[in-house]
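Report on the following structure.
The values are calculated or read from the model by the stated rules, or taken from the named source; none is laboratory data. Every value quoted in this text rests on a predicted model; they were computed, and no experiment measured them. Cβ sites come from the backbone with ideal geometry, for glycine too, and all protein chains shown count toward neighbours. In case anyone asks, the SASA skips ligands and DNA or RNA and just uses the protein heavy atoms, side chains included. Shrake-Rupley method; radii C 1.70, N 1.55, O 1.52, S 1.80 Å.
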There are 2 protein chains.
Amino acid sequence: MGKKTTQLAYVQAYEYIRDRILSGELERGTKLVEERLAEEMGISRTPVRDSIRKLEQEGLIKQKRVVNPTDMDLRDLFQVRMLLEGFAASHCATYMKDEDLQKLKRCVEIGRTGELEEVMAANKEFHDLIVGATNNPVMIDIIDRMQSIIYLFRKTVVLHKRPLLIEEHDDIYQAILQHQPEEAERLMKAHLQLDLEFCLNWMKG
Amino acid sequence: MGKKTTQLAYVQAYEYIRDRILSGELERGTKLVEERLAEEMGISRTPVRDSIRKLEQEGLIKQKRVVNPTDMDLRDLFQVRMLLEGFAASHCATYMKDEDLQKLKRCVEIGRTGELEEVMAANKEFHDLIVGATNNPVMIDIIDRMQSIIYLFRKTVVLHKRPLLIEEHDDIYQAILQHQPEEAERLMKAHLQLDLEFCLNWMKG
DNA sequence: TTAAAATAAATTGTATACAAAATTGAACAA
DNA sequence: TTGTTCAATTTTGTATACAATTTATTTTAA
């Protein structure tokens, strides 16, 4: 029994467009024309419209254009991230199960030793594990929605090898491991603050 | 120049369905059938589908049914609320402008003296003012999305005249007025915790 | 040459028809 | 009864056509 791959056109369309945005093929600010995309995929406009609406809700598309976040947008996004992921980190320090702690450790290790793609996946999983451990679908969902936009920048961060990123992950992991909630929260917030600043700096230059 | 009322069918449909859910006409768990709604409003299914998709994203509809939150759903929602609105309250204690402070005060007053509808509106505005003062559209948007679901319960809370609600608002207002960020945050979180418990209790009984 | 108006083109919004899928309900066997 | 299969019905998903709107282009007047 393989992974059930949906053949619903609007899901295909959603994934197709989303991937092209995240891969950078569709640059920020690009106007998305329903008919063009539909033709491109060999389907009708109806499911394309659906998927565009969905991507609009998620914030990847704004007014039919690929989102092009300003400095301020990023700041706002990270402010929310710091609150939620900060809480999540402190929560982990008290409640995280051994199994997940192992996985967290593994992410840090891969961060040091892996190939580019692996490192990116591991860094994403590091954050996902922490947020997921809250077991709060509302929180997980909010972070998920921000994830796409964040991803565009996380890619940047890893591609440009931000210094200390892995060390920061390790510090957070240690604080969680040693059941230090306040410290874990503080470190997570500081980590995200540095990420933000790196992104902002990179955007200018 | 009057308020431009959109005549776009999918916006009308969105507002129509939303209002019927929030007013309670469409009870929790009710299946929403596109064609029935379309007929009811004298439009076609296309814009109705759009609006249902939007309401699904906002969490008011789940799998074509009016959302019917469990205890756990409410807890999860309020956990996020406490984080965000707690932060917002502390932010207000440092940065809120006099004009908004006045409005906040007015909300507390109306809470004591107004009619039912006025009180409900004032209580909503109290929270909106505090969140709005963060000036963070991402945060405002997240709270907005949760608002609809919360609204169903805030209505409950006011209709059943939860004791001390207005006093708590006043306490928060005082803390903000006197520039006590930690206290404002603490009070806001405690306030929401009590709201949550009242809702949960009421759901059972 | 510039700005405004008119027109043409492109794009989105809506209705409708039909196909695919999900749901219901009846008939039947254990 | 209980549960299972199959057909009937309902509901959703998709394509297509056309209307309304927005955007681009050309024309005209100052």
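Brief remarks follow.
So that you can scan it fast, the table gives a plain yes or no per residue for (1) out of contact with any strand residue (DSSP E or B) (no Cβ under 7 Å at 6 or more places or on another chain); (2) closer than 30 Å to residue A:85 by Cβ; (3) in a loop (DSSP other than H, G, I, E, B):
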{"site": "B:6", "(1), (2), (3)": "yes, no, yes"}
{"site": "B:26", "(1), (2), (3)": "no, no, yes"}
{"site": "B:84", "(1), (2), (3)": "yes, yes, no"}
{"site": "B:112", "(1), (2), (3)": "yes, no, no"}
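- Among (1) closer than 30 Å to residue B:76 by Cβ; (2) open to solvent by 10 Å² or more (accessible area, probe 1.4 Å), the one test that residue A:26 misses: (1)
For (1) aliphatic (A, V, I, L, M); (2) within 13 Å of DNA strand C (Cβ to nearest atom); (3) not assigned by TED's automatic domain parsing to the domain that holds residue B:147, each residue gets a yes or a no:
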position: B:15; (1), (2), (3): no, yes, yes
position: B:18; (1), (2), (3): no, no, yes
position: B:25; (1), (2), (3): no, no, yes
position: B:30; (1), (2), (3): no, yes, yes
position: B:33; (1), (2), (3): yes, yes, yes
position: B:38; (1), (2), (3): yes, yes, yes
position: B:42; (1), (2), (3): no, yes, yes
position: B:46; (1), (2), (3): no, yes, yes
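- Some residue of the range B:111-124 being more than 27 Å from residue B:58 (Cα to Cα), more than 14 Å from chain A (Cβ to nearest Cβ) and of a type in the set (Lys, Arg): yes
- Scope the range B:67-79; condition within 11 Å of chain A (Cβ to nearest Cβ), more than 17 Å from residue B:21 (Cα to Cα) and not polar (S, T, N, Q); matching residues: B:72, B:73, B:74, B:75, B:76, B:77, B:78
- One residue stands out in the range A:29-48 among those that are of a type outside the set (Ser, Thr, Tyr) and under 24 Å from the mean Cα position of the chain (by Cα): the one that is surrounded by the most Cβ atoms within 10 Å (Cβ to Cβ), namely A:48.
- In the range A:57-68, the qualifying residues are those that are within 11 Å of DNA strand C (Cβ to nearest atom) and out of contact with any strand residue (DSSP E or B) (no Cβ under 7 Å at 6 or more places or on another chain), and the one that is least open to solvent (accessible area, probe 1.4 Å) is A:61.
- The residues of the range A:17-66 that are within 14 Å of chain B (Cβ to nearest Cβ) and away from DNA strand D (no atom under 14 Å from the Cβ), listed by number, are A:55, A:56, A:57, A:58, A:59, A:60, A:61.
- Residue check, residue A:79 modelled with pLDDT of 95 or more, open to solvent by 20 Å² or more (accessible area, probe 1.4 Å) and either farther than 23 Å from residue B:51 by Cβ or among the basic types (Lys, Arg) (or both): yes
- Among the criteria (1) near DNA strand D (Cβ under 9 Å from one of its atoms); (2) under 21 Å from residue A:51 (Cα atoms); (3) in contact (Cβ under 8 Å) with a residue 12 or more places away in the chain; (4) surrounded by 14 or more Cβ atoms within 10 Å (Cβ to Cβ), the one residue B:14 does not fulfil is (1).
- Failed item, numbered, when residue B:87 is tested on (1) open to solvent by less than 50 Å² (accessible area, probe 1.4 Å); (2) within 16 Å of DNA strand D (Cβ to nearest atom); (3) of a type in the set (Phe, Trp, Tyr): (2)
- The range A:148-205 - residue that is of a type in the set (D, E, K, R) and not in a helix (DSSP H, G or I) and, of those, surrounded by the fewest Cβ atoms within 10 Å (Cβ to Cβ): A:161
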